[in-house]
1. Does region 121-163 hold any residues that are more than 24 Å from Ile52 (Cβ to Cβ), without any contact (Cβ under 8 Å) to a residue 24 or more places away in the chain and not in a strand (DSSP E or B), and which are they?
2. Going through region 79-97 one residue at a time, which ones are in a strand (DSSP E or B), in contact (Cβ under 8 Å) with a residue 40 or more places away in the chain and more than 20 Å from the chain's Cα centre (by Cα)?
3. So how many residues does region 284-323 have that are closer than 15 Å to Arg255 by Cβ and either surrounded by fewer than 21 Cβ atoms within 10 Å (Cβ to Cβ) or of a type in the set (A, V, I, L, M, F, W, C) (or both)?
4. Given the conditions (1) at pLDDT 95 or above; (2) at positive phi; (3) not β-branched (Val, Ile, Thr), which single one is not true for Ala335?
5. Would you tally the residues in region 56-78 being part of a loop (DSSP other than H, G, I, E, B), on the phi < 0 side of the Ramachandran plot and in contact with a strand residue (DSSP E or B) (Cβ under 7 Å, 6 or more places away or on another chain)?
6. Enumerate the pairs (first residue in region 38-55 and at pLDDT below 95 and outside any loop (DSSP other than H, G, I, E, B); second residue anywhere and crowded, with 24+ Cβ neighbours inside 10 Å and polar (S, T, N, Q)) with beta-carbon separation below 9 Å, excluding pairs fewer than 6 apart on the same chain, so at least 6 apart or on different chains.
7. Can you report the number of residues in region 108-157 which are out of contact with any strand residue (DSSP E or B) (no Cβ under 7 Å at 6 or more places or on another chain) and either buried (at least 21 other Cβ atoms within 10 Å of the Cβ) or of a type outside the set (Val, Ile, Thr) (or both)?
8. Output the number of residues of region 103-118 satisfying the condition of being in a loop (DSSP other than H, G, I, E, B) and among the small types (Gly, Ala, Ser).
Amino acid sequence: MGVAALVLAAGALVILVVIIGGDGDERPDARASTAPEGIWRPMSAVPLPPRILAASAWTGEELVVWGGRGCPAGRCDDETAPPFADGAAYDPEADRWRVLAPSPLSARSGAAAAWTGEELVVWGGRDATGPLADGAAYDPDDDAWRALSPSPLAPRSAQATWTGNEVLIWGGTVPGSAGEVAFADGAAYDPDADAWRALSPSPLAGRFDMVADWVDTELVVWGGRTGAANLDDGAAYAPATDTWRSIAPSPLSARVVRGSWTGAELLIWGGEAGAEALDDGAAYDPRADTWRSLASSPLPARRGNAQAWTGEEMLVWGGAGGTGSFFFGTGGAYAPATDTWRELPPSPGRFIPETVWTGEELLVWGGIVASGGHGAPGSIEPALDGVRYDPRP
């Protein structure tokens, strides 16, 4: 048995060990507001090979998944693994998948992706030979793709955010001789004009794997890492004025993490710092430029988990632990209105899945699972199946 430590870069996955057995989901100081509620159901089989690091988005009707790469012989850290250039869309109403029309893009993983309300915009990523700088947009109504105009950005893997008018891409990473190399520049893409513009310089150091959420009228960036160093600062970008502002210091330690915008606060919980999984959280109010700490969670520390905002709760499920377990099949729901948590019913766990909230359900697809079963020693492999969680009792 050994300790499992996984680090996900924007397009790069580093796995530092082997799986340990045991759930490790019990914490004596755990606090939950209610007993587990809701149900999990399996999704129908997808007509794609197993993969990780795909581009994905919820369109309002379907979960669209494109690209990504596999884990040959369980080696999910093998960046030379052949990537994919195919995709599929899942309709939860019919519990049915359909194959997407062929894309003009070459096979890749770790691409930036954003849903504009009409198209899934995919840009950048990397293939087995290196980073890429082209992109395309997919229209699910016509099942058709179009190529994007050339971007002013250098090739990279990155994150994308939709503002209501533009797709914003800032930061990102490429592999270097001594590890991942981070970028500190960005660009905005206007899908109506098929045109790009460069963003003004940011006060932040280059980074990847950070919070990057559209919050009211700004892109809020916090945390992440640059090379091997984790970061704990942040800034907000306003497209209307093409300006940045530094945000107030957070009570959280430096980490790789994701965020959930509630309409009033940006919620951040868990994440990782090196090989250490974390179990604390905070909420950022962009209007007051203030932070507050979240109530203690009943969940063990974890990273690479599914996370989504339902309109009332932040759902956290799955992910990888530190020394207590490898993949969690447990989760919790945080209600900011009462600053309380409730536990979710268990379901077989996984790491770094594609995750969307449909308005009624949490869809969790793909990611990495243990071939020996949840919490069991053995090799790891990409999951081909998916599950859906309905929080209603």
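The values are calculated or read from the model by the stated rules, or taken from the named source; none is laboratory data. These numbers come from a predicted model, not from an experiment. Because the Cβ atoms are built from the backbone with ideal geometry, glycine has one as well, and the counts that use them run over all protein chains shown.
1. Those that are more than 24 Å from Ile52 (Cβ to Cβ), without any contact (Cβ under 8 Å) to a residue 24 or more places away in the chain and not in a strand (DSSP E or B): Asp141, Asp142.
2. Within region 79-97, Arg96, Trp97 meet the criteria.
3. Of the residues in region 284-323, 6 are closer than 15 Å to Arg255 by Cβ and either surrounded by fewer than 21 Cβ atoms within 10 Å (Cβ to Cβ) or of a type in the set (A, V, I, L, M, F, W, C) (or both).
4. Only one criterion in (1) at pLDDT 95 or above; (2) at positive phi; (3) not β-branched (Val, Ile, Thr) is unmet by Ala335, namely (2).
5. Final tally of qualifying residues: 7.
6. Ile52/Ser109
7. Residues meeting the conditions: 11.
8. Residues that pass the stated criteria total 6.
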